[in-house]
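Below: the structure, in structure tokens.
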Amino acid sequence: MQHKIAIVGYPPFSKLAREVLIDLPSWVKYEITELPLKFLSSSDSIKELESYFDSSTIVVSGDRSAISLKNMLKNLVIPVKINGFDLLKIIQSIDDDEVVIMNFGEDIKELSDISHLLNVQIKQIQFNDIQEAFNILEHLRNNGVKNIIGGSWVCEAAKKLGMNGIFYYTHRAVAEAIRDALNVMQVYRNELETITLFNTMISINRNGIITVDPHSNINIANHVSERLLGIDSKQVHDKKLEEVVPSITKKQPISQLREPQFNVIFEHKNKKLMADIIPLHAQGEHLGHLIAFDDIVNLQEKERKIRKNITQKPMVATYSFNDIIGSSDAMKETIHQAKKFSRANSSILIHGESGTGKELFAQSIHQASYRNRQPFVAVNCAALPESLIDSELFGYEEGSFTGAKKGGKAGLFELAHNGTIFLDEISELPLHLQSRLLRVLQEKEVVRVGGDQIIPVDVRIIAASNKSLIDCIKEGTFREDLYFRISVLQLSIPPLRKRYGDITKLFHHFIRHKPKLRDLLGKHEMELLNSYHWPGNVRELENVAERFLVLCENEVLTRKPIYDMLHTALYTMNASSLEQEKVEKVFSSEKDLIQQVLMKTNGNREKAAEMLGISRTTLWRKLKKLQC
């Protein structure tokens, strides 16, 4: 059910509301309704009044009307408050010794607190229905009263009787009430988004998922759990988990578990399954448990495919420093530092954004080291399922788990013995495996899963991350002691946007098999490439080059279409949206770079443009845009 805002009031009130509603977000639905006053003055009209609004509608009304609406509706009613100081301004603007304020239902209590601030007698009059209000207004008019302060209906009626009706609701008061309604709607929206996201994650998950409340009553069971357990989610709703899957709770009732339980093996209807049981907590309150499970046969098949993919990759380094393209100062300094590191045996931590070439540097360091004739083993810590990382890194013994290979299997650390192991995206390594990795670094030995034999290993560690591990430590997702072990030497790979001059060389390299096309690229095309911010770095540049080659295929090529096709290849919808997300960060670094180059050239813009590999016009445009 979609929530919306209903503004209830007569023309003066509606006019104020329309002025405020101009700035509403596009997702907010609203309506402006003028209710007959009879609804507010008669309890007999409740059912008819309720028919005006869905139960999810938030009603915004004048302060006086809201009192009645709150008593008659189940909806959330937000009043537009009558501000005492706004009233003071209105009263001050009336050149009269006596001021009359007419209110529906009851008087404004706040007026008694502020009336002493003015040398004016304030008279409040209540009315409860249309006829009574009209009689009061006629009586006041006959007694010489010209100015009446009140709400929408009072102002409209006073005008008809030739009196001056002064509206006591302000733009600010209406805006505050609508803002309160928006805040409530935003909470509803956030809740709906969370529920939708949760339900989507549950429904598309390849594992069976069941959630239970603190008393082990089943709340949710997804389609996969129906298939694996042979159940109907509707029929088992609110049933005890112990009744539906008795074998999963043999050792201890799930309701008593307060710590996560991993790799719990159980049997159901002659089928072996493995589950992870996670307690759910919110602000210290226990909400129940989430159980994720799968058929062990499926897990073994997944493991087989993953192992196959890993072993297909040769455990050798194929790149060296000669393969790194770049002559910018930033790149020269990075290569120089990396070559120095290659002569040492200490662990290295490589920092760099996605697509900057962290593995290229890791392989080059290995190739230049004394270990270059030994294995180079690359592991992407984010690509392996958590249940397999342990056995993949450290190996396993025969019989350590169902489906374990006969004779066991050497882990990647053993396979990298005397060589280098490259741990990419190390920030994604689970905490319990970080402690095992720390022990390997300290003791230079591993113990296979399910084994008790200590196996010595001599391995150099090169780790890489596109995240700040310092931030991960602060967030509690990365061990501080492991960080200091792997970061004895640190290498920072510059992003492509800081490598002015390298973009042209790299682009020429990526289209090197089309020399005629490369020769057609001129100054304007290179300026186009250099003016882009490259949030995806070298990987994105390579994709752009490939896209450019495809676009140029079988085309009659001249300078104009070349530029147009390069522009099309560069500014795809996805690339431009990704660029926009990073533009503030890029602007900051680009501004710093331009300022540094200008300092080096003593403010000579022509020389600065030459050093940056852009034209003077482009430099002038960037200076203006970045406000250098």
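Among the candidates LYS29, LYS38, which residue alone is at pLDDT 80 or above and either exposed (fewer than 15 other Cβ atoms within 10 Å of the Cβ) or not acidic (Asp, Glu) (or both)?
Answer to the check: LYS29.
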Starting from the range 339-355, keep only residues that are in contact (Cβ under 8 Å) with a residue 60 or more places away in the chain, then list their pairs with residues that are open to solvent by 30 Å² or more (accessible area, probe 1.4 Å) and outside any strand (DSSP E or B) whose Cβ atoms are within a distance under 6 Å, requiring at least 6 positions of separation or different chains.
SER346/VAL488; SER347/VAL488; GLU353/ASN466; SER354/ASN466; GLY355/ARG539
Pairs only if they're at least six apart or on different chains, beta carbon under 7 angstrom, first in the range 538-555 and closer than 26 Å to LEU360 by Cα and free of Cβ contacts under 8 Å to residues at least 60 places away in the same chain, second assigned to a helix (DSSP H, G or I) and small (Gly, Ala, Ser); list them, first residue then second.
VAL544/ALA569; ARG547/ALA569; PHE548/ALA569
Residues of the range 454-467 being assigned to a loop (DSSP other than H, G, I, E, B) and without any contact (Cβ under 8 Å) to a residue 40 or more places away in the chain, in sequence order, are none
What are the residues in the range 500-526 that are closer than 16 Å to TYR563 by Cβ, open to solvent by less than 80 Å² (accessible area, probe 1.4 Å) and of a type in the set (Asp, Glu), if any?
GLU525
Quick check on this structure: which one of HIS281, HIS286, HIS336 is free of Cβ contacts under 8 Å to residues at least 12 places away in the same chain, assigned to a strand (DSSP E or B) and not β-branched (Val, Ile, Thr)?
HIS281
Within the range 534-558, restricting attention to residues that are modelled with pLDDT under 85 and assigned to a loop (DSSP other than H, G, I, E, B), which residue is surrounded by the most Cβ atoms within 10 Å (Cβ to Cβ)?
LEU557
Of all residues in the range 47-64, which are surrounded by 13 or more Cβ atoms within 10 Å (Cβ to Cβ), modelled with pLDDT under 80 and part of a helix (DSSP H, G or I)?
LEU49, GLU50, ARG64
Is it the case that some residue within the range 85-106 is open to solvent by 30 Å² or more (accessible area, probe 1.4 Å), among the aliphatic types (A, V, I, L, M), modelled with pLDDT under 85 and assigned to a loop (DSSP other than H, G, I, E, B)?
no
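Conditions (1) under 28 Å from ILE324 (Cβ atoms); (2) open to solvent by 30 Å² or more (accessible area, probe 1.4 Å), marked per residue:
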site	(1), (2)
GLY395	no, no
PRO430	no, no
ARG460	yes, no
ILE473	no, yes
Given the residues ARG497, ARG436, ARG485, which is the only one that is of a type in the set (D, E, K, R), touching a residue at least 60 places away in the same chain (Cβ under 8 Å), open to solvent by 30 Å² or more (accessible area, probe 1.4 Å) and assigned to a helix (DSSP H, G or I)?
ARG485
Among (1) under 14 Å from LEU273 (Cβ atoms); (2) modelled with pLDDT under 90, which single condition is ILE204 missing?
(1)
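The values are calculated or read from the model by the stated rules, or taken from the named source; none is laboratory data. Only a predicted model underlies this, so the values are computations on that prediction, with no experimental measurement involved. Every residue, glycine as well, gets a Cβ built from its backbone with ideal geometry; the counts of neighbours run over all protein chains shown. Each accessible area value is taken on the protein alone, full model and side chains, heavy atoms only, with ligands, DNA and RNA left out. Shrake-Rupley method; radii C 1.70, N 1.55, O 1.52, S 1.80 Å.
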